[in-house]
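The values are calculated or read from the model by the stated rules, or taken from the named source; none is laboratory data. Computed from a predicted structure; not experimentally measured. Using ideal geometry, Cβ is built from the backbone for each residue, glycine included, and neighbour counts are taken over all protein chains shown.
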Amino acid sequence: MTRAASGQPSSGTLPEQQVRAMFDRIASVYDLMNSVMTAGMHQRWRERAADLARLEPGGRALDVATGTGDLALALKRRVGPAGEVVGSDFSERMLELARAKSREVRFEWGNALELPYEDDSFDAATVGFGARNFADLSRGLAEMARVVRPGGRVVVLEITTPQRPPLSWFFGLWFDRVVPLLGRAAGDPEAYSYLPSSVRRFPGPRELAAELAVVGLAEVRYVITAGGIIAIHSGTVPVA
């Protein structure tokens, strides 16, 4: 794991072992909390991210930090029965819940910073609400780009901090006050206090686009939706 000079992971997130333990703890309430925190909109955002992967029927896709597998399932709907989708995560408890949802996707353990796949293995790689948990963001993005074939797509779906009122005021109230209270009610205040801080220290849309370009992606674009709360980035692995 690459670390900054301070000794902390270079993205500023928690150490890898703590993040893994946290997601194992909250797995049983993860889907419910996502629905409550986003008023059910999170599935629509995943569908849009899956569209930006530009997969064809029969294609092959990887969903990194797949969690309980919802984005992987959206990718599977696009590649169809002849296609293959792999959902990778380092939380075994999350993977158990993902496998219970579907047998059509191959859910398997994997570390986003050292993906266990060969170069050019997939037509697309996605990550939904997981990039901000990478202990080394640049390395995680580079790994996603590495396993995608030339001409394939990398897509990053993340929460972002709106900059303009009144939504910025509401966002601050919701994420800094209400979400930790919901976490306390769900039995894990630590995890849902971590969420707002992880969003705030994650690069903004323009900075994340630059990170994607640095790891070698071309045609990097992003869309801001949900009034400025959600950013979906995409880039293409260049054809030599």
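The set of residues in segment 32-72 that are charged (D, E, K, R) and either part of a loop (DSSP other than H, G, I, E, B) or touching a residue at least 40 places away in the same chain (Cβ under 8 Å) (or both) comprises Arg46, Arg48, Arg54, Glu56, Arg60, Asp63, Asp70. Note on segment 80-91: residues that are touching a strand residue (DSSP E or B) at 6+ places or on another chain (Cβ under 8 Å) and either without any contact (Cβ under 8 Å) to a residue 40 or more places away in the chain or surrounded by 23 or more Cβ atoms within 10 Å (Cβ to Cβ) (or both) amount to 7. For segment 119-160, filtering for residues that are polar (S, T, N, Q) and at pLDDT 95 or above leaves 3.
Pairs meeting the criteria (first residue in segment 188-209 and in contact (Cβ under 8 Å) with a residue 12 or more places away in the chain and of a type in the set (Val, Ile, Thr), second residue surrounded by fewer than 18 Cβ atoms within 10 Å (Cβ to Cβ) and assigned to a helix (DSSP H, G or I), beta carbons under 7 Å, at least 6 apart or on different chains) are lacking.
In segment 113-152, which residues are small (Gly, Ala, Ser) and more than 16 Å from the chain's Cα centre (by Cα)? Reasoning before the result, please.
Our first condition is that a residue be small (Gly, Ala, Ser); within segment 113-152, this holds for 121, 124-125, 128, 130-131, 135, 138, 140, 142, 145, 151-152.
Scanning segment 113-152 gives Ser121, Gly151, Gly152.
The residue that is modelled with the lowest pLDDT, counting only those in segment 178-234 that are of a type in the set (Lys, Arg) and assigned to a helix (DSSP H, G or I), is Arg184.
So which residues in segment 25-52 are under 18 Å from Pro180 (Cα atoms) and at pLDDT 85 or above? Quick ask: steps written out before the conclusion?
Filtering segment 25-52 down to residues under 18 Å from Pro180 (Cα atoms) leaves 25-39.
Hits for segment 25-52 are Arg25, Ile26, Ala27, Ser28, Val29, Asp31, Leu32, Ser35.
Listed by first and then second residue, the pairs with beta-carbon distance under 7 Å, at least 6 apart or on different chains, first residue in segment 119-145 and in contact (Cβ under 8 Å) with a residue 60 or more places away in the chain, second of a type in the set (Phe, Trp, Tyr) and assigned to a loop (DSSP other than H, G, I, E, B), are Arg132/Phe202; Gly140/Phe134.
The residue list Leu157, Leu167 contains one member that is surrounded by fewer than 17 Cβ atoms within 10 Å (Cβ to Cβ) and among the aliphatic types (A, V, I, L, M), which is Leu167.
The single condition among (1) assigned to a loop (DSSP other than H, G, I, E, B); (2) over 24 Å from Val223 (Cβ atoms) that Ala98 does not satisfy is (1).
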